[in-house]
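The values are calculated or read from the model by the stated rules, or taken from the named source; none is laboratory data. Model, not experiment: these values are computed from the prediction. Cβ sites come from the backbone with ideal geometry, for glycine too, and all protein chains shown count toward neighbours. Quick note on the areas: whole protein, heavy atoms, side chains included, nothing else; ligands and nucleic acids left out. Shrake-Rupley method; radii C 1.70, N 1.55, O 1.52, S 1.80 Å.
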Amino acid sequence: MENEILESWKKAGKIAAEAREYGKTLIKPESNFLEVSRKIEEFIVKKGAKPGFPVQLSINGIAAHYTAFPEDNSVFSEGNLVKLDLGAHINGYIGDTALTLEVSTNKNQELIKASKEALDAAIKLAKPGTKVCEIGEAVDNVITKYGFHPIKNLSGHKIDQYILHSNLSIPNYNNKDKTELEEDMIIAIEPFASTGMGLIKEGKASSNYRLYEFKPVRDSITKEILLFIKKEFSTLPFAKRYLVPKFPLAKVNYALSNLEKLGIIYQYPQLPEKEENCLVSQHEHTIYIKDKPIILTKVDD
Ligand code: MN
Ligand code: MN
């Protein structure tokens, strides 16, 4: 990998890590989703990167893909199990990282430890020549040992410039995929531990979007918003709230719904566990594959 690219990636990873640790301090009873998200995203910009995707705050049984809506008045409550998942990018080189915490309680520490230890075990294997199914197996073993289930239909992923989810999945169980990791790959490993069955389903709309296929459009407000999206976010995910107040909310709603219907943008659904009333934890790091794995989203060094 070219040195300049690697330096950008390392810097983005470090900023993502710092943002994650900063975000952790903001999540308390009564603090609100919108403000916490905005503060973390401003922090990323102040440090010299941009959000790699909108800050995700998924609670309890929602495994992933909840970002604050433009007029979201959700607040954290005591006992919430919060997955904070965020990214920072420089020139499209993204650091993607997540942690789980509980708000002012201590009743789900085993579940939190399960995904964290699974991540540690997986990282130890993240070297050239390791088959991705071996990583999945290591994740599964740790989480199962704790008495929980790994989420099988969520996975880590390779990351390429401006492509958050590139074409290699890093499974959370032994899926028999014998594809080997190669030197110089950048991958995100993200074990999810669930008290439920270990499968997610597609839930409600999330207000997380990404540009899917750029096509010219005629309607003037839709066109203006599309060009803004292309210029600001390229192919990286963005949130509806990023478009407000630059554009009035009614116009944003109108344009996004047009663009979604035209297949130009894609809206991510929220991803809740299939089982009702269960809890899900997640930890994630972005790793640079070398003989000794390099964690890009670590705070130190
Ligand atoms: Mn993530
Ligand atoms: Mn990820």
Check your understanding: So which of 52, 23, 61 ends up being in contact with a Pro (Cβ under 9 Å, 6 or more places away or on another chain), closer than 29 Å to residue 195 by Cα and small (Gly, Ala, Ser)?
Key -> 61
Practice item. Keeping to region 137-170, report how many residues are without any contact (Cβ under 8 Å) to a residue 12 or more places away in the chain and over 23 Å from residue 61 (Cβ atoms). Key: 2
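Filter region 217-230 for residues that are open to solvent by 50 Å² or more (accessible area, probe 1.4 Å) and assigned to a loop (DSSP other than H, G, I, E, B) and give the result.
Within region 217-230, 218, 219 meet the criteria.
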Check your understanding: Do you know which residues across region 128-145 are crowded, with 17+ Cβ neighbours inside 10 Å and assigned to a loop (DSSP other than H, G, I, E, B)?
Key -> 130
Review point. Which of the following residues is in contact with a His (Cβ under 7 Å, 6 or more places away or on another chain) and either open to solvent by 60 Å² or more (accessible area, probe 1.4 Å) or at pLDDT 95 or above (or both): 166, 155?
Key: 166
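What are the residues in region 183-208 that are hydroxyl-bearing (Ser, Thr, Tyr) and either within 14 Å of ligand 2 (Cβ to nearest atom) or open to solvent by 10 Å² or more (accessible area, probe 1.4 Å) (or both), if any?
Matches in region 183-208: 195 only.
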Review point. From the list 114, 98, 88, 118, which one is crowded, with 24+ Cβ neighbours inside 10 Å and touching an Asp or Glu at 6+ places or on another chain (Cβ under 6 Å)?
Key: 98
Review point. Quick check: is even one residue across region 98-112 assigned to a strand (DSSP E or B), more than 17 Å from residue 241 (Cα to Cα) and not hydrophobic (A, V, I, L, M, F, W, C)?
Key: yes
**Study point:** Candidate set from region 101-110 (those that are more than 25 Å from residue 165 (Cβ to Cβ) and not hydroxyl-bearing (Ser, Thr, Tyr)); member that is least open to solvent (accessible area, probe 1.4 Å)
**Key:** 103
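Would you please name the residue that is most open to solvent (accessible area, probe 1.4 Å), looking only at residues in region 272-286 that are within 16 Å of residue 204 (Cα to Cα) and in a loop (DSSP other than H, G, I, E, B)?
Taking region 272-286 as the starting set, the residues that turn out to be within 16 Å of residue 204 (Cα to Cα) are 272-276.
Now drop any that are not in a loop (DSSP other than H, G, I, E, B), which leaves 274-276.
Details: 274: 96, 275: 77, 276: 131 Å².
Among them, the one singled out is 276.
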Point to revise | Top-ranked residue of region 254-268 - restricted to ones that are hydroxyl-bearing (Ser, Thr, Tyr) and within 18 Å of residue 164 (Cβ to Cβ), ranked as least open to solvent (accessible area, probe 1.4 Å) | key: 268
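Okay, residues lined up against (1) open to solvent by less than 50 Å² (accessible area, probe 1.4 Å); (2) charged (D, E, K, R); (3) under 23 Å from the mean Cα position of the chain (by Cα):
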{"site": "240", "(1), (2), (3)": "yes, yes, yes"}
{"site": "243", "(1), (2), (3)": "yes, no, yes"}
{"site": "249", "(1), (2), (3)": "yes, no, no"}
{"site": "252", "(1), (2), (3)": "yes, no, no"}
{"site": "270", "(1), (2), (3)": "yes, no, yes"}
{"site": "294", "(1), (2), (3)": "no, no, yes"}
{"site": "298", "(1), (2), (3)": "no, yes, yes"}
